[in-house]
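Remarks on the structure that follows.
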Amino acid sequence: MVDDPAFDRKARERLAGFARGKGPCPGAETLNLYASGQLPAPQSESVRRHIVLCGQCDLILEKLKEFDRPEESGKRGPWWRLFWHPAVAWACVCLLLIPAWRGWRMQPAAPPPAALLPPPPL
């Protein structure tokens, strides 16, 4: 970043102006009425200007809009949720580790060195 005191001063003044301009946050009922479109026009415009400047109210409004929507995970069905369960993941790991462990434990004996083998018949 550039270390410019004039830029810093102007940025602080602009941000302070935003903070003063947004005013107090509307209540939950007012936001709910705004989201449903039931707020009168003058008050609706005032709330809209506040939401543009206030990140918290904007987030609450977005959550209110998504509240009545069905969950996306419901479209995938119960099998999808079953496979994402941690117990299923651990069961898969165990099912793969048991044969690997048995195969490692029951390795065939190493063949004897060539010097200990009887000579081949002639």
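Derivation of every value follows stated rules applied to the coordinates shown; laboratory data play no part. Note that the coordinates shown come from a computational prediction; the quantities given were computed from them, not determined experimentally. Cβ: placed from backbone, ideal geometry, glycine included. Neighbour counts: every protein chain shown.
Consider a paramagnetic label point 7 Å from the Cα of Leu15 along Cα→Cβ; state which residues of the stretch 39-58 have an amide N under 17 Å from it. Label zone hits: 53-56. By the count of other C-beta atoms within 10 Å, a proxy for reagent exposure, Ile51, Ile60, Ile98 are ordered fewest to most as Ile98, Ile60, Ile51. Each Lys and Arg Cβ is given +1 and each Asp and Glu Cβ -1; about its Cα centre, the stretch 1-69 then shows a dipole of about 160 debye.
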